[in-house]
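Remarks on the structure that follows.
The values are calculated or read from the model by the stated rules, or taken from the named source; none is laboratory data. The structure displayed is predicted, hence computed values, not measured ones. Neighbour counts run over all protein chains shown; Cβ positions are idealised from the backbone, glycine included. Areas reflect the complete protein model, heavy atoms only, side chains present, ligands, DNA and RNA absent. Shrake-Rupley method; radii C 1.70, N 1.55, O 1.52, S 1.80 Å.
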Amino acid sequence: MTIFIAIYITLLGLTLGSFLNVVGLRVPAAESLLHPPSQCPKCGMRLTPLDLIPVLSYLLSRGKCRHCGTRVSPMYLFGEAATGLLFLVMYLKFGLTLEGITGMLLVSLAVIITVSDLRYMLIPDKVLLFFAPVFLGLVPFMAEVPLWYHLLGALSGGGVLLLLALFGGMGMGDVKLFALLGWIIGWPNVIVAFLMACALGAAIGGIMQLLGIVQRKQPIPFGPFLALGSLLSYLFGPDIIGAYLSFIG
């Protein structure tokens, strides 16, 4: 039975990932999520069900519009695949528990934020305001630690980035995002998330500079790294902290 549930969860993630891509692309542009229906941005041809099969349609069309041959952004492929894979990981880690469901919602937020920040350098307030009451309501029921750990996570996560924002090193969207993420993962996992976000951002940013994809001092969206660091901390934060304490002890 477990393998069938795992397959279902993965397919659910792949399918939902397609919608999350749309949310990340349309909400920052103040566009409707329903109208117009999905279409090629170049030729305007409405996409058929054959064009909307998660991951498979992109691979079969070799990343191009079947009608005009325009290359389709790989962001669609990565968003769908990442959502499906991370849904599966959350299920395998936590099962069909409140922690698992919260983890899948965290994945959904991370995918939307990543798409939006990469495309527009913007983390929409509408997205954060949609997810905030959901997580505010869920966390008290799943907390294995005192609730003030989560409150401290929100205050420290948002507070650190607020200090950076005051010196011009961060946007307020990042501040609000990390405050919400800090509430979800709590203290001290928020420290792990921040350090991992900084390390990943520095490493990937350095590689992109070496490859000439970005120029020196060119701003790079930090929201995706905050989201990825928080996902890793949600999954493995206690293990990472335990390993570190054992190492220094």
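When you go through F4, F87 one by one, which is the residue that is exposed (fewer than 12 other Cβ atoms within 10 Å of the Cβ) and part of a helix (DSSP H, G or I)? Full working, then the answer.
Working: F87 fails: exposed (fewer than 12 other Cβ atoms within 10 Å of the Cβ).
Every option except F4 fails the conditions.
Right, S32: crowded, with 16+ Cβ neighbours inside 10 Å and either hydroxyl-bearing (S, T, Y) or part of a helix (DSSP H, G or I) (or both) or not? Explain how you work it out, then say what you get.
Details: crowded, with 16+ Cβ neighbours inside 10 Å: no; either hydroxyl-bearing (S, T, Y) or part of a helix (DSSP H, G or I) (or both): yes.
Answer is no for this residue.
Quick check on the range 46-68. Is at least one of its residues part of a helix (DSSP H, G or I), within 23 Å of A29 (Cα to Cα) and touching a residue at least 40 places away in the same chain (Cβ under 8 Å)?
If we filter the range 46-68 for residues that are part of a helix (DSSP H, G or I), which is where we start, we get 49-52, 56-60.
Within this subset, residues satisfying the condition of being within 23 Å of A29 (Cα to Cα) are 52.
So of that shortlist, the ones also touching a residue at least 40 places away in the same chain (Cβ under 8 Å) come out as none.
So far as the range 46-68 goes, no, none of its residues is part of a helix (DSSP H, G or I), within 23 Å of A29 (Cα to Cα) and touching a residue at least 40 places away in the same chain (Cβ under 8 Å).
What number of residues within the range 200-249 are assigned to a helix (DSSP H, G or I), among the small types (G, A, S) and farther than 21 Å from L180 by Cβ?
7
For the range 90-107, give me each residue that is in a helix (DSSP H, G or I) and more than 17 Å from G79 (Cβ to Cβ). Give the steps one after another, and end with the answer.
To start, the set of residues in the range 90-107 that are in a helix (DSSP H, G or I) comprises 90-94, 98-107.
Hits for the range 90-107 are Y91, L92, K93, F94, L98, E99, G100, I101, T102, G103.
Which one of A154, A165, A110, A132 is modelled with pLDDT under 95, open to solvent by less than 70 Å² (accessible area, probe 1.4 Å) and part of a helix (DSSP H, G or I)? Give the derivation first.
Details: A154 fails: modelled with pLDDT under 95; A110 fails: modelled with pLDDT under 95; A132 fails: modelled with pLDDT under 95.
Checking each option against the conditions leaves just A165.
Just to check your reading of the model, which residue among T97, T102 is polar (S, T, N, Q), closer than 23 Å to A132 by Cα and under 19 Å from the mean Cα position of the chain (by Cα)? Talk me through it step by step, then tell me what you get.
Numbers: T97 fails: under 19 Å from the mean Cα position of the chain (by Cα).
From the options T97, T102, the qualifying one is T102.
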